Amino acid sequence: MSYPDVALGLILLGLSAYLLFGGADFGAGLWHLVSRRRSDQRVIEHAMGPLWEANHVWLIFVMVMTWTAFPPVFADIMSAHWVPLSLAALGIVARGSTFVFAKAAPDQPWHAPIFGISSVLTPYCFGAVATVVATGGGTWLSPAGLYGGLLTTALCAYLAAVYLIWDARRLGDAEVILRFRGYAMMSGVATGLLALPGAVTFGVHSPLMALSAAAGLASLFLVHHQRLLAVRVTGALAVVTVLWGAAGMAGLDLDRHAAHDAVLQVVFAALGVGALILVPSMVWLFVLFQRGPSRTAS
């Protein structure tokens, strides 16, 4: 395995982490917008804090790895898709700002809509760009871009609903549990009906798509039978395998676009040192949060 292969693998791992953690937060923002019940919104706000902003570290990791390991690829993507990527960045800022400002000024009626809309805008733009890059042409407003944006938003909504069932259970709200089970079933079916025909249309022949479908069906079964911890695993597998399956379509010439091996060696060494600090810190933050079910996001 060459150094460019390792670099690409690390980028895919970072994208997977951002989809599973940051994507779930975006999906939670969608349900925050859709559900006007305050009990649902309280569960969502609790589930998002204090980890929600820390999840953007995976996006930063992917960007730094891409421009360091594959500078021409990074330059081409940023120059060709600066409009949707700028909108995604604006969505991240607007989303974070309104989520915080809503705590300081809860009576302002425009906080929640901006938070919800930006939670949809950001994954939509990221998904549109990713699909265009994977399929090798078009713009974010092309049919491929529109499809990718819708699919990514649906994946985030499904993942959030699956995760939020467990959070509602930890907070002991039976009615919210029932509603989020319904959201998970509904969004799971809708995402499957959207993902599988798209894979056929765009020629994604990876066996990972079959694994995604199997994991999605298993998730529906587990949600129905209230296996709330196991479904977090199968739900995550169903989502991330879509990313892995589509990644093989890009057909990038890694050796031609990669940085020199000496540069990649330094990058890998720096990542190893950084991981010794970052990973335990993220795990410990998550453990502390799980110990405090009565806390609210701030």
Please report the spacing between the Cα centers of the range 1-69 and the range 91-119 in Å, no decimals.
18
For the range 3-250, what relative contact order do you get, as a whole percent, if you take Cα pairs closer than 8 Å and at least 6 residues apart?
21
Mean Kyte-Doolittle of at least 0.0 plus a Cα span of 20 Å or more along the axis: flag which DSSP H helices in the chain meet both, please.
3-17, 82-104, 111-135, 143-170, 174-201, 208-224, 230-247, 261-290
Taking a label point 7 Å from the Cα of Thr201 along the Cα→Cβ vector, which residues of the range 107-129 have an amide N closer than 17 Å to it?
124-125, 127-129
What does the accessible area per residue of the chain come to in Å², with a 1.4 Å probe and no ligands, DNA or RNA counted?
48
At 7 Å along the Cα-to-beta-carbon direction for both Arg36 and Val100, put a label point, then send me their distance in nm to one decimal.
3.0
How large, in percent, is the carbon and sulfur part of the accessible surface of the range 102-182 at a probe radius of 1.4 Å?
69
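Once you have the Cα-Cα distance between Val93 and Val64, take 0.36 nm times their residue separation minus that, and quote the gain in nm to one decimal.
8.5 nm
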Given the Cα-Cα distance of Val273 and Leu211 and 0.36 nm per residue of separation, how much length would full extension add, in nm?
18.9 nm
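Rounding to the nearest 20 debye, state how big the charge dipole of the chain is about its Cα centre with +1 on each Lys and Arg Cβ and -1 on each Asp and Glu Cβ.
1000
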Testing the spin-label approximation: label points 7 Å from Cα along Cα→Cβ at Phe221 and Gln108. State their distance in nm.
4.8
For semi-axes √(5λ) of the Cα gyration tensor in Å, with candidates (1) 31, 22, 20; (2) 42, 37, 16; (3) 40, 31, 19, the value calculated from the shown model is option (1)
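The values are calculated or read from the model by the stated rules, or taken from the named source; none is laboratory data. Keep in mind that this is a model prediction, so the values were computed, not measured. Virtual Cβ from ideal backbone geometry, glycine too; neighbours counted across all protein chains shown. For the accessible areas, the whole protein counts, side chains as well, though only heavy atoms, and no ligand, DNA or RNA atoms are used. Shrake-Rupley method; radii C 1.70, N 1.55, O 1.52, S 1.80 Å.
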